Every structure is written in structure tokens, then in C-alpha cells.
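Trainee: Dumping the structure here so I can ask a few things about it.
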Amino acid sequence: MVEKKIKRGVYLLPNILTTFGLFAGFFSIILATKGQYAEAAVAIFVAMVWDGLDGRVARLTNTQSAFGEQYDSMADLVSFGVAPALLIYFWQFSEMGQIGWIGAFIYTATGALRLARFNTQIGAEDKRYFQGLPSPAAAALVAGLVLAKDFIGVTDYDQYFAMVSWGILVGAGVLMVSNIRYHSFKEINLKGRSSFKLLLIVVLVIVVVTLSPRVILFMFFLIYTLSGLIMTTIDVRKKRTFKKKSKKSSKL
């Protein structure tokens, strides 16, 4: 009987990129504890870039592995679960008392649950959609809020801003573990040929973002967050309309 050789070691390139993302998330926490909130928010966006690269590099170089999937999830928990929660806690919640750290914990816990559920669905999910708000998008919403407020500065409504931030943080957490569908955009083929109009749209988006990146990034991820709710509402209405029509046809 021939014994199967156990493969030892890990693929270096994708896991190095994952480590870069983990470092960015960890560094965001360090910056938040020092009161450098805008810089901490930027670090979360940097972690998003590395998170997007490691998976693509693994697929392109055929270096995907179970170890890489688990390591990526652990890095995501730090960068998109713990870092955003601590950032907004030190930024807005530190004087709110118990309700402040409870909100931060709810976001962290739901982020962990979201990643655990995603891991159990690898290979079985509809690749066109995410089930629940993706953790990087939730983190980007929180980090974008920090950057947008830093750009706007002091306003007459700042006394209410802590509660608004709490609602956004907890709301993002709840959406992560919901069954609401969000477009994954994985069906977009970056290798194949596309229309010239699509290239113009991409250029236009880049130009718009550069006009006011801090506000535009927040608005983009806010719209993406709301898109799942809108899409679900439309689907529910369609199902209700279909049921009503089917009932009427059965009575005739």
C-alpha cells in the first residue's frame, strides 16, 4: 500500500499579502488608541486593499489552500471586526459608558459570526451575491464615517452624532448576520473584453472620488449598504404580488 505524502508548508505570496492586511488592521487599532482617528480609518481602507489582493493572487497563481482561507478570516476579524469597533469606540463612545462598549462588542461579535458563516458556505453559495453585508464593506462604512466627519468638521448637531454613530455601527453589525443579499460583483470578468463605455465609467468614478475622497467613499459604502435593503424590499413585494395573482387565478 502506497502512503500518501502529507504536504507541509504554506504558500508564501498570498499569505504575505494577508499578513500585510492584518498589520494594517492592527496598526489601525494602535492609531485609534493614540487619538489619530482619521489615520486609523485610512489604515482600515489599506487593509481592504490587501484583503482584495490576497484572494485574487491566490486564484491567479493557483495557490489557494485551506490554511489560507482560515488565516484570511482571522486577519479579517482583526481588520474588519475589531479595528472598526475600537476605532469608533475611542472616537465617539468612550464617554457613553456601558452602552458605548456594548455597541462596539455587538459589531465585533456579529463580524465574527459573519466570517464563521461565510467559511461554512465556501463552495456552496451563489457567487453573484453575499448573504449579509460583507465585513469589509461594513468596516468601510464605519471608517468612511470617521473620514467624512473629519472633513466636515464641527457642526451644530455634534451632540447627536455619538448616537448616530452608534446606530450606524450596530446597524452594520446586524446587517452582517442578516439574510439580506448584496451584490458580490464577482461575475464581472476583468480578464475579458469590455465595452469602451465601461472604461469611461471607471474613469469617471475615479475622477468623482478624487474630488472629495473622504465624503465620496462614505457615501459609496452607505449606498451599497442600503442597496441590499432596497433589493430585498423589491423581492418581497414581487413575491407578495405573485402570491396574490396566483390566488386570484386559482379562484377563477
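The values are calculated or read from the model by the stated rules, or taken from the named source; none is laboratory data. Note that this is a predicted model, so its numbers are computed, not measured. Virtual Cβ from ideal backbone geometry, glycine too; neighbours counted across all protein chains shown. Surface accessibility is based on the protein's heavy atoms, side chains included, excluding ligands, DNA and RNA. Shrake-Rupley method; radii C 1.70, N 1.55, O 1.52, S 1.80 Å.
Trainee: Within the chain, what's the longest stretch lacking chymotrypsin sites (Phe, Trp or Tyr not before Pro) that sit in DSSP loops with no more than 15 other Cβ atoms inside 10 Å? Numbers along the way, then the final one.
Mentor: On the way: sites that count: 157, 185.
Looking at the chain, 1-156 is the longest stretch - no exposed chymotrypsin sites (Phe, Trp or Tyr not before Pro) with at most 15 other Cβ atoms within 10 Å.
Trainee: Then there is this: Pull out the extension gain between residue 158 and residue 70, defined as 0.36 nm times the separation in residues minus the alpha carbon to alpha carbon distance; nm, one decimal.
Mentor: Working: separation 88, 0.36 × 88 = 31.68 nm, distance 4.05 nm.
Stretched out fully, the residue 158 to residue 70 stretch lengthens by 27.6 nm.
Trainee: Normalised by the residues of the chain, what does the relative contact order come to in percent, with Cα pairs under 8 Å and at least six apart? Could the numbers behind the result be given before it?
Mentor: On the way: 277 pairs, mean separation 49.2, N = 252.
So the answer I get is 20 percent.
Trainee: Can I ask one more? Which value, in Å² rounded to 10, gives the accessible area of residue 158 with a 1.4 Å probe and all protein chains present?
Mentor: 50
Trainee: Report the extension gain between residue 231 and residue 243 in nm, rounded to one decimal, defined as 0.36 nm multiplied by the number of residues separating them, less their alpha carbon distance. Each step should come with its number before you reach the end.
Mentor: Details: separation 12, 0.36 × 12 = 4.32 nm, distance 1.85 nm.
Extending this stretch completely gives an extra 2.5 nm.
Trainee: How much length, in nm to one decimal, is gained on full extension between residue 212 and residue 99, taken as 0.36 nm per residue of separation minus their Cα-Cα distance? Numbers along the way, then the final one.
Mentor: Numbers: separation 113, 0.36 × 113 = 40.68 nm, distance 3.28 nm.
So the chain would gain 37.4 nm between residue 212 and residue 99.
Trainee: From the helices alone, meaning DSSP H stretches of at least four residues, give me the mean residue ellipticity at 222 nm for the chain, per-run term -39500 (n - 2.57), in deg cm²/dmol to the nearest 500. Before the final figure, lay out the partial values.
Mentor: Values: 9 runs with 175 residues, N = 252.
Roughly -24000 deg cm²/dmol at 222 nm, from the helical runs in the chain.
Trainee: Now for a different question. Which entries in the list 127/247; 34/127; 127/243 go over 31 Å, if you measure between the two C-alpha atoms of each? Write down the numbers at each step before the final one.
Mentor: Values: 127/247 33 Å; 34/127 40 Å; 127/243 28 Å.
Too far apart for the 31 Å limit: 127/247; 34/127.
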